[in-house]
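Following: one structure in structure tokens, then a few remarks.
The values are calculated or read from the model by the stated rules, or taken from the named source; none is laboratory data. Bear in mind that the values here come from a model prediction, so they are computed numbers and not experimental data. Cβ atoms come from the backbone with ideal geometry, glycine included; neighbour counts cover every protein chain shown. Each accessible area value is taken on the protein alone, full model and side chains, heavy atoms only, with ligands, DNA and RNA left out. Shrake-Rupley method; radii C 1.70, N 1.55, O 1.52, S 1.80 Å.
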Amino acid sequence: MTHDQPENPDMARTARLIAEAEQHERDLVLTRFTHDDAWRLGCLLVELAAERSLPVTIDVRRGPQQVFHAATEGTTPDNDTWVQRKVRVVERFGASSYLMGLRAKAKGTTFTAQHELALQEYAAHGGAFPLRVEGVGVIGVVTVSGLAQRDDHLLVVEALTTFLRTAA
């Protein structure tokens, strides 16, 4: 193949989405994160979902402790299972579940095949995002489940962006 051959549009799109998701993780770093902050972030996500009539399950954790959990109309217990599977990805790899899935796709494989992890235990689909505190690292996870994976991810990004702006 020569350098003159057109780039695969799907691969180019995946590369752009990876760069965007990596930028989200660099930008959305907290100075602190308390139980009260977890509650405020969870409530902010519930408000966004209610304004848009979105059927989502919302979960916020500090370490292994679930500090906030809510499910809006239209969700099912299956969304709770998706939350658990997405959270495991963030806890194990320290990156958003969306980013981990995109990175595997860019390598021409799936997250499950790449890492040899049980599909029933891990889901590298959008919606779980690391709660990273400046100078500390990942201290928790915020997760949304119920929409298309990019939409789950972007809802969390929107809420964290608003949270950071109002916390300053």
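So is residue 122 surrounded by 23 or more Cβ atoms within 10 Å (Cβ to Cβ), farther than 22 Å from residue 39 by Cβ and of a type in the set (Phe, Trp, Tyr) or not? Considered against the rule, which asks whether it is surrounded by 23 or more Cβ atoms within 10 Å (Cβ to Cβ), farther than 22 Å from residue 39 by Cβ and of a type in the set (Phe, Trp, Tyr), residue 122 comes out as no. When residue 82 is tested against (1) assigned to a helix (DSSP H, G or I); (2) free of Cβ contacts under 8 Å to residues at least 60 places away in the same chain; (3) open to solvent by 50 Å² or more (accessible area, probe 1.4 Å); (4) not charged (D, E, K, R), just one condition goes unmet, and that condition is (2). Mind checking whether some residue in the stretch 97-110 is of a type outside the set (D, E, K, R), over 22 Å from residue 12 (Cα atoms) and either touching a Lys or Arg at 6+ places or on another chain (Cβ under 8 Å) or open to solvent by 40 Å² or more (accessible area, probe 1.4 Å) (or both)? No - not one qualifying residue is present in the stretch 97-110. Residues in the stretch 97-109 that are touching a residue at least 60 places away in the same chain (Cβ under 8 Å) and in contact with a helix residue (DSSP H, G or I) (Cβ under 6 Å, 6 or more places away or on another chain): 98, 99, 102, 105, 106. Taking (1) without any contact (Cβ under 8 Å) to a residue 40 or more places away in the chain; (2) open to solvent by 60 Å² or more (accessible area, probe 1.4 Å) in turn, residue 31 satisfies each apart from (1). If only one of 48, 102, 44 is in a helix (DSSP H, G or I), under 19 Å from residue 144 (Cβ atoms) and within 13 Å of the chain's Cα centre (by Cα), which one is it? 102 is the lone residue from the list that is in a helix (DSSP H, G or I), under 19 Å from residue 144 (Cβ atoms) and within 13 Å of the chain's Cα centre (by Cα).
In the set 92, 103, 85, only one residue is among the charged types (D, E, K, R), at pLDDT 95 or above and closer than 16 Å to residue 156 by Cβ; that residue is 85.
Residue-level check: of (1) open to solvent by 70 Å² or more (accessible area, probe 1.4 Å); (2) assigned to a loop (DSSP other than H, G, I, E, B), residue 92 misses just (2). Screening the stretch 125-152 for residues that are among the small types (Gly, Ala, Ser) and in contact with a helix residue (DSSP H, G or I) (Cβ under 8 Å, 6 or more places away or on another chain) and picking the one that is most open to solvent (accessible area, probe 1.4 Å) gives 146.
Taken over the stretch 67-79, the criterion of being within 28 Å of residue 104 (Cβ to Cβ) and in a loop (DSSP other than H, G, I, E, B) is satisfied by 75, 76.
Condition check ((1) open to solvent by less than 50 Å² (accessible area, probe 1.4 Å); (2) farther than 30 Å from residue 107 by Cβ; (3) of a type in the set (Lys, Arg)) across all residues:
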position	(1), (2), (3)
27	no, no, no
52	no, yes, yes
56	yes, no, no
65	no, yes, no
